[in-house]
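Input: a single structure, listed below in structure tokens.
The values are calculated or read from the model by the stated rules, or taken from the named source; none is laboratory data. Being a predicted model, the structure only gives us computed values, none of them experimental. All Cβ positions, glycine included, derive from the backbone under ideal geometry; neighbour counts span all protein chains shown.
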Amino acid sequence: MSRLALWLALSAVGAGVLLWASGDGFTWLNPALWAGLWLGSGAAWLLDAHHWRRLREWLGQNTRTELPASLENGPAAAASNRIRRLLQRRDRDVEAAKAQLAEFLAAIQVSPNGVVLLSADARIEWCNTTAAHHFGLQLERDVAQLVGNLIRNPDFQEYLLHGDYAREAIIEPRSATRLAVQLHRYAHGRMLMLSRDVTAIEQAAQMRRDFVANVSHEIRTPLTVLHGFIETLQNLTLSAQEQQRYLALMAQQSQRMQDLVTDLLALSKLESLPNAPFDPAFSLRESLLKIEQQIQQIRRPDAILTINSAPNTQNAMLLGVESEIVSALTNLLTNAVRYSPPDAPIELRIETQAHGGLSLSVIDQGPGIEAHHLPRLTERFYRVDAGRSREAGGTGLGLAIVKTVMLRHGGQLQIDSAVGQGSCFTLVLPANRVVVPQ
Ligand code: ADP
């Protein structure tokens, strides 16, 4: 019912009741008529005010309930229904916006990069799980905290306070982790902080620098020696015997460079080849014959090499690249000869593994290696005793080649060694690379 209809109805009822009670009949001068009209208007006004108060109360509720039935039909009905429709539309819009925001945040959550939203005064408003992991943040605990109080790294503090945000900063929030961090300003001074884990990239760059420095060093040393001999030969009048001695030393140095280049090429070829899913089979026995021939060339005549192969391994076939496995085994045998005393025996032991694989162990009774060197032996150019290795014709790349060959074949290189007790280097080939007759 509209407000006007209510007012008219109640006024008419009031006037009618008082006119009837007075018994004087209708005249415009009858005070009962006016008192009735006045009472009716007052009642209409009270009812109206009551409805509006109820509407205000309903609007003030924290949790929205259905519009009460009395408001749907009362004097404030039109306004109430209009307000209800507006609120319903707004609720729908809010829900849609929330869903959109949730989707947007879910997309940022899966980003491999860290994302932190900061207020204009650098307080944390939101961060994704990658950023939480990068900086050790917990969103529930750290929200509204100053980011500078939580990330205490000095490089980050410097960047936050005085940095050039057009560039990223490299920080080390904890040891062995390097992050590239960049701040971007947006709407009203707020900031978006992005972080990227660059540990692997930085390590690769460092390895590349070290590798170039190592190769240059390895090549420069024999080159310097060669240069010195050439100058000596040019400037001095030497006897034929002396000349021969110098030429022999020069040949030794150029051989060293050649070995180095050969090993470098072998390594780069191995590293650039993708893992073959299936390789042709080759006979282990025939490969061992080739290895023996190669070892003959480098071993001292007095080095004692025995091959002990488990009976069923005699006719084993390997699935892989024969030249690579032969080269890995030759490198191990060459090292055993190089680093053991002349009369110390060397054994090549071939055994099957419980899981069907095959192990090829080179066991020597040389000086052994201190435990702290073992994890680094397969690094390129890592040597326990650089002088001894060079003197013995080593390039520092042998075990790096062995490890790469094993990785390419899904196998591994195991090293056991103890000072004074010799060393055992084992190539372990997985079952899917071995066919052993039963
Ligand atoms: P290198 O060409 O110098 O022998 P490797 O990569 O083959 O390079 O070996 C790395 C280092 O490991 C060697 O310099 C040597 O110090 C140590 N090493 C390798 N094999 C043996 C071994 N059988 N006995 C003792 N030390 C060894």
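From the list S340, S323, the lone residue that is near the ligand (Cβ under 10 Å from one of its atoms) and farther than 15 Å from L413 by Cα is S340. When the criteria are applied in full, R54 meets the requirement of being of a type in the set (D, E, K, R) and farther than 27 Å from A187 by Cα.
When the helices (runs of 4 or more DSSP H) confined to the range 137-188 are screened for residues that are touching a Pro at 6+ places or on another chain (Cβ under 7 Å), none reaches at least 3 such residues.
Filtering the range 241-276 down to residues that are surrounded by fewer than 12 Cβ atoms within 10 Å (Cβ to Cβ) and among the hydroxyl-bearing types (S, T, Y), which residue is nearest to G228 (Cα to Cα)? So, considering only residues that are surrounded by fewer than 12 Cβ atoms within 10 Å (Cβ to Cβ) and among the hydroxyl-bearing types (S, T, Y), the one nearest to G228 (Cα to Cα) is S268.
When I401, I415 are screened for being under 32 Å from the mean Cα position of the chain (by Cα), among the aliphatic types (A, V, I, L, M) and assigned to a helix (DSSP H, G or I), only I401 passes. From G422, G393, which residue is of a type outside the set (A, V, I, L, M, F, W, C), in contact (Cβ under 8 Å) with a residue 60 or more places away in the chain and touching a strand residue (DSSP E or B) at 6+ places or on another chain (Cβ under 8 Å)? Every option except G422 fails the conditions.
Within the range 192-225, the set of residues being under 22 Å from the mean Cα position of the chain (by Cα), part of a helix (DSSP H, G or I) and in contact (Cβ under 8 Å) with a residue 24 or more places away in the chain comprises just one member, E202. Contact annotation: residue pairs with Cβ atoms under 7 Å, 6 or more positions apart or on different chains, pairing a residue in the range 323-352 that is surrounded by fewer than 21 Cβ atoms within 10 Å (Cβ to Cβ) and at pLDDT 90 or above with a partner that is of a type in the set (D, E, K, R) and in a helix (DSSP H, G or I), are V326/K290. Elements of the type helices (runs of 4 or more DSSP H) sitting completely within the range 1-104 and holding at least 1 residues that are surrounded by 14 or more Cβ atoms within 10 Å (Cβ to Cβ) and touching a residue at least 24 places away in the same chain (Cβ under 8 Å): these cover 3-22, 31-60. Evaluated against (1) within 13 Å of L427 (Cα to Cα); (2) not in a strand (DSSP E or B), L318 falls short on exactly one condition, (2). Residues that are small (G, A, S) and more than 9 Å from the ligand (Cβ to nearest atom) within the range 417-431 comprise A418, G420, A431, listed in sequence order.
Report yes if A180 is at pLDDT 95 or above and in contact with a Lys or Arg (Cβ under 6 Å, 6 or more places away or on another chain), otherwise no. Answer is yes for this residue. Scanning the range 235-272 for residues that are in a helix (DSSP H, G or I) and of a type in the set (S, T, N, Q) returns N235, Q241, Q243, Q244, Q252, Q253, S254, Q255, Q258, T262, S268, S272. When the residues of the range 365-409 are filtered to those that are of a type in the set (A, V, I, L, M, F, W, C) and more than 10 Å from the ligand (Cβ to nearest atom), the one that is nearest to G422 (Cα to Cα) is A371.
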